[in-house]
RNA sequence: GGGAGCAUAGCUCAGUUGGUUCAGAGCGUCUGCCUUACAAGCAGAGGGUCGGGGGUUCGACUCCCUCUGCUCCCACCA
């Protein structure tokens with residue numbers, strides 16, 4: 001079959017992916033083989049593929065394909081996450097663009113829109129993963145809001161409620177005024193933000209609500225909250241302010257009288273030492289308020305606007321109010337000064353809105369016991385984090401975790417299965433029917449229509465923490481005592497999880513908790529934490545910067561294999577990935593290299609009568625040994641999750657060893673056929689190489705594997721067994737490397753002296769050269785070798801060392817004798833210095849007695865080698881009469 | 001404010017219990033080549049006091065201290 005000069009991925013990728021699907025090669029069912037299980041970190045259902053997904057899923061696919069070729073029953077479960085806040089805000093925005101406000105819709109109407117949106121965009125990212133070559137078991141695709149998965153989430157809630165882990169209460173939570181929901185601590189990102197530090201004068205009251213001329217100064221970043229002040233607080237030890245004890249002060253602008261209280265929380269040397277206490281709008285102030293029994297005056301509404309309790313600036317946005325109140329305070333004489341100030345401000349991870357600490361009624365999950373077990377799972381090594389450094393971070397988080405706020409004031413998600421009776425009592429049950437049964441126990445006269453379900457939904461992570469369980473068995477979550485179904489029993493725990501460190505706590509830690517709770521076993525053995533994909537300048541990829549390439553365009557341009565390779569080449573676990581398109585180019589080039597190597601071999605005709613040449617025989621022997629050595633190295637890299645090292649090892653093995661050396665050695669003379677022995681060996685090697693490359697580059701390897709021999713329908717490289725490392729003779733490999741050294745040196749001499757490769761040269765080799773390797777030098781360096789113990793020759797010659805063997809190329813008339821002598825003398829000097837250093841070491845009593853025998857022996861070998869080199873250099877110099 | 005990590009060639013990174021002739025790889029660069037698979041290629045070459053300083057050791061890229069620079073995580077000083 002005639003092959004084009006360049007590999008064309010577009011022609012092959014869709015074809016083979018369809019073939020794989022058609023034959024259900026990705027599908028897994030429990031059987032007697034050892035399972036290898038991976039669950040995908042479910043991307044947001046309405047998301048589109050970005051470079052982070054490419055990295056993650058390429059790594060996953062490599063692991064899965066490798067395991068499959070190792071004969072394991074590999075199962076990679078794909079799916080998507082409903083991503084409640086992200087999806088809901090997208091739907092809200094879309095409706096808004098159509099002139100529809102969420103508030104004008106009923107819950108049911110809104111959800112109808114949301115589902116419509118989900119149906120429209122839901123499959124996109126999964127189809128994009130197919131383009132990448134991901135070998136997911138698509139028959140097992142799950143969505144975190146599939147009815148049975150949602151049921152599992154509800155059961156889990158009920159389970160923890162009944163266990164006493166879930167409670168409801170008014171707490172200061174992180175309020176997102178744009179997303180209009182509470183968010184968990186983990187969803188708040190603190191960023192240093194420059195703002196103003198306002199120094200405000202609070203006048204002392206005369207006792208009747210009138211200002212005296214005395215005042216104190218407080219410093220605040222949030223002057224718009226002064227109307228919610230409940231007290232002024234000083235440190236009891238602060239003598240500067242003892243005169244304030246028992247006094248009352250007036251809030252500026254509204255002249256409301258508030259007490260001065262004392263609490264050691266106040267730092268005397270920060271700000272002015274006076275703190276305004278605003279229990280409704282600051283976590284610490286809230287705590288102080290509780291200690292001192294202060295009223296809570298909430299003046300900010302859900303949208304972040306001042307409400308009527310503020311008395312002034314009602315309806316203004318908090319930031320607008322801040323600007324305006326600054327002006328008002330200035331005019332009223334209450335503003336002493338304004339300083340620039342940088343402090344950490346919390347932003348919503350999802351909407352980027354400034355988080356408003358807000359008191360509200362929320363549901364919480366107690367974390368203490370769960371975290372303890374989850375910490376133990378990692379500390380004991382039951383779950384391994386790769387790289388290991390994340391253990392510290394993990395431990396720190398686990399030891400300081402606070403209760404998890406699991407309610408969200410959203411509609412898209414699993415609605416909390418809590419039902420309120422008319423009197424406000426609450427029952428928790430998996431459905432309305434069961435809720436009614438429970439309600440009747442409390443109040444026998446209650447009717448179904450009297451019950452009102454909590455309108456909030458659960459945090460998305462409250463569903464995704466069940467993922468490794470619920471994708472297999474939706475009944476087990478919430479029912480630790482239930483028998484796992486066949487799938488769960490077989491596939492759980494999964495083997496490896498590939499994900500980003502940014503969701504170590506959001507997701508990984510919580511999956512471990514859920515696994516321990518419901519399965520009494522961890523959900524995975526290894527967690528491979530990738531880096532974050534950045535551009536080549538080290539910047540995070542973002543839409544606003546426009547520095548994120550579109551993976552699909554890259555695939556179109558370079559092929560999926562090229563993109564996968566480009567991604568893998570620069571990815572070591574845990575390090576951030578600096579992605580550059582040139583790496584994808586390198587991937588494409590490698591495809592082309594493989595393609596052309598195949599074209600060469602494919603074009604050979606066997607000549608049954610031809611005898612195997614010496615060079616080919618040596619090459620086949622060497623390459624067979626080298627193959628085993630490389631397989632061993634690659635296997636070692638895999639076992640340590642060093643996937644980019646495994647890839648690079650194979651890359652060099654193919655490009656350098658196979659193409660540059662092996663193929664050049666066995667290549668028949670122009671117009672001649674190849675002997676059958678060498679041909680068969682070459683095909684065998686090529687077959688092994690394709691299998692080794694396949695996990696990284698599935699498409700091109702399938703294309704060539706299918707092409708290299710007649711295949712039956714239903715055969716595929718992806719189900720072939722990965723070649724196993726056999727024994728090898730290290731001496732053969734080392735000898736071959738010596739021959740290569742000689743070839744390189746002679747090529748260098750040719751280039752230096754301007755000699756054509758076609759001109760056969762004489763070469764003299766000294767004692768120690770592996771004579772069996774001479775055919776290599778003869779063929780690739782075009783030389784006629786001769787032996788001479790010293791490796792020197794009478795008359796003009798260029799000499800060089802290969803290991804400890806001296807070699808010379810006699811070149812009458814082309815050698816500058818002085819130059820050659822100078823070179824030899826320099827070499828001699830260097831060698832003598834080296835020898836002296838070695839001997840210094842060896843004459844050091846402490847070294848000889850202290851260092852391990854092996855090291856000392858090595859030094860003695862260095863000494864001997866050095867001596868023999870010096871000898872041959874001297875011999876060469878002697879030939880010049882020196 | 002607390003904690004962790006990183007710093008090796010122009011770039012991105014290996015260097016796995018301190019010891020092989022160990023200072024490496026890939027890419028880029030330079031030089032010469034359209035040599036009958038591949039110019040998306042072939043052949044060759046150059047390039048680093050392993051961030052600075054100190055210490056431990058017979059021996060340090062590797063261990064300890066310190067300084068400098070960067071990154072990340074956690075955190076309620078208004």
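Read-outs throughout are calculated quantities, based only on the coordinates presented, and are distinct from any laboratory measurement. From a predicted model like this one, the values you see are computed outputs, not experimental measurements. Quick reminder, even Gly has a Cβ in these numbers, built from the backbone with ideal geometry, and neighbours come from all protein chains shown.
Reducing the stretch A:800-870 and the stretch A:167-235 to their Cα centroids gives an inter-centroid distance of 77 Å. Label reach from residue A:11 (point 7 Å along Cα→C-beta): in the stretch A:684-715, amide nitrogens under 18 Å belong to A:699-709.
Please state the equivalent ellipsoid semi-axes for the stretch A:68-123: what are the square roots of 5 times the Cα gyration tensor eigenvalues, largest first, in whole Å?
36, 10, 9
Which order do peptides A:393-401, A:511-519, A:685-693 fall in by mean Cβ count within 10 Å, highest first? Provide the component values of the computation, followed by the final result.
On the way: A:393-401: 15.1, A:511-519: 24.2, A:685-693: 21.4.
The peptides rank, most packed first, as A:511-519, A:685-693, A:393-401.
Contact order, relative form, for the stretch A:695-820: 20 percent (alpha carbon pairs under 8 Å, 6 or more residues apart, mean separation divided by residue count). Cα gyration tensor of the stretch A:31-88, axes a ≥ b ≥ c as square roots of the eigenvalues: rounded (a/c below 1.5), prolate (a/b > b/c) or oblate? Here the stretch A:31-88 falls in the oblate category. Mean projected area of the Cα convex hull of the stretch A:110-155, taken over all directions, amounts to 4.0 nm².
The stretch between residue A:602 and residue A:578 holds 4.9 nm of extra length on full extension. This uses 0.36 nm per residue minus the Cα-Cα distance.
Name the shape class, rounded, prolate or oblate, that the alpha-carbon gyration tensor gives for chain A, where a ≥ b ≥ c are the square roots of its eigenvalues, rounded holds for a/c under 1.5, and otherwise prolate holds if a/b is larger than b/c and oblate otherwise. Prolate shape, in that a/c is at least 1.5 and a/b is the bigger ratio.
Contour minus end-to-end for residue A:621 and residue A:247, with contour as 0.36 nm per residue of separation and end-to-end as the Cα-Cα distance? Present the calculation step by step, with values, prior to reporting the outcome.
Details: separation 374, 0.36 × 374 = 134.64 nm, distance 9.70 nm.
So the chain would gain 124.9 nm between residue A:621 and residue A:247.
As a rough footprinting exposure proxy, the listed residues A:224, A:702 were ranked by other beta carbons within 10 Å of their own, and the order from fewest upward is A:702, A:224. Tilt of helix A:614-639 relative to the longest C-alpha principal axis of chain A, in degrees (0 to 90, nearest 10)? That works out to roughly 20 degrees.
Remark: the stretch A:343-424 projects, on average over all directions, an area of 9.0 nm² (convex hull of Cα atoms).
Between residue A:372 and residue A:328, the simple label model (points 7 Å from Cα in the Cβ direction) yields a spacing of 5.1 nm.
For the stretch A:1-108, count the residues as N, evaluate 2.2 N^0.38 Å, and divide the Cα radius of gyration by that value, please.
Numbers: Rg = 20.5 Å, N = 108, 2.2 N^0.38 = 13.0 Å.
With N residues counted in the stretch A:1-108, Rg over 2.2 N^0.38 Å equals 1.57.
What the Cα atoms of the stretch A:668-786 give is an Rg and a Dmax of 19.4, 57 Å.
How would the stretch A:11-53 be classified by its alpha-carbon gyration tensor: rounded, prolate or oblate, with rounded meaning a/c under 1.5 and the a/b versus b/c comparison settling the rest?
Details: a/c = 2.73, a/b = 1.19, b/c = 2.29.
In terms of gyration-tensor shape, oblate.
Take every pair of alpha-carbon atoms less than 8 Å apart whose residues are at least six positions apart; their mean separation over the length of chain A yields a relative contact order of 12 percent.
Order by neighbour count: A:648, A:807, fewest other Cβ atoms within 10 Å first, most last. Spell out each step's value before the answer.
Numbers: A:648 15, A:807 27.
So the ranking, lowest neighbour count to highest, is A:648, A:807.
Going from the residue with the fewest nearby Cβ atoms within 10 Å to the one with the most, A:343, A:613, A:808 rank A:343, A:613, A:808.
Distance between the modelled labels on residue A:747 and residue A:882, one decimal in nanometres: 2.8 nm (7 Å Cα→Cβ projection). Between residue A:536 and residue A:21, the contour length at 0.36 nm per residue exceeds the Cα-Cα span by 181.8 nm. The share of C-alpha pairs in the stretch A:237-335 whose separation exceeds 20 Å stands at 47 percent.
Once every DSSP H run of n ≥ 4 in chain A is given -39500 (n - 2.57) and the sum is divided by its residues, what mean residue ellipticity at 222 nm do you get, rounded to the nearest 500 deg cm²/dmol? All intermediate terms of the calculation are to be shown ahead of the outcome.
Values: 27 runs with 363 residues, N = 882.
Theoretical 222 nm ellipticity from helices: -13000 deg cm²/dmol.
Between residue A:648 and residue A:826, the simple label model (points 7 Å from Cα in the Cβ direction) yields a spacing of 3.1 nm. Tilt of helix A:730-753 relative to the longest C-alpha principal axis of chain A, in degrees (0 to 90, nearest 10)? The helix A:730-753 is inclined about 80 degrees to chain A. Each listed q (0.12, 0.17, 0.21 Å⁻¹) maps to a log10 I(q)/I(0) for the stretch A:822-882 from the Debye sum over equal C-alpha point scatterers, namely -0.36, -0.60, -0.77.
What residues of the stretch A:256-277 lie in the reach of a label at residue A:237, counting those whose backbone N is under 20 Å from a point 7 Å from the Cα along Cα→Cβ? Hits in the stretch A:256-277 for residue A:237 at 20 Å: A:261-276. If R0 is 35 Å, what FRET efficiency do you get for residue A:525 and residue A:101 from their C-beta distance, rounded to 0.05? It comes to 0.10. For the stretch A:570-688, the relative contact order is 40 percent, taking Cα pairs closer than 8 Å that sit 6 or more residues apart in sequence and dividing their mean separation by the residue count. Placing a label point 7 Å from the Cα of residue A:296 along the Cα-to-Cβ direction, the residues of the stretch A:333-373 with a backbone N closer than 16 Å are A:356-364.
Mind checking the angle between helix A:432-442 and chain A's longest principal axis? C-alpha axes, 0 to 90 degrees, to the nearest 10. So the helix axis and the longest Cα principal axis differ by about 40 degrees.
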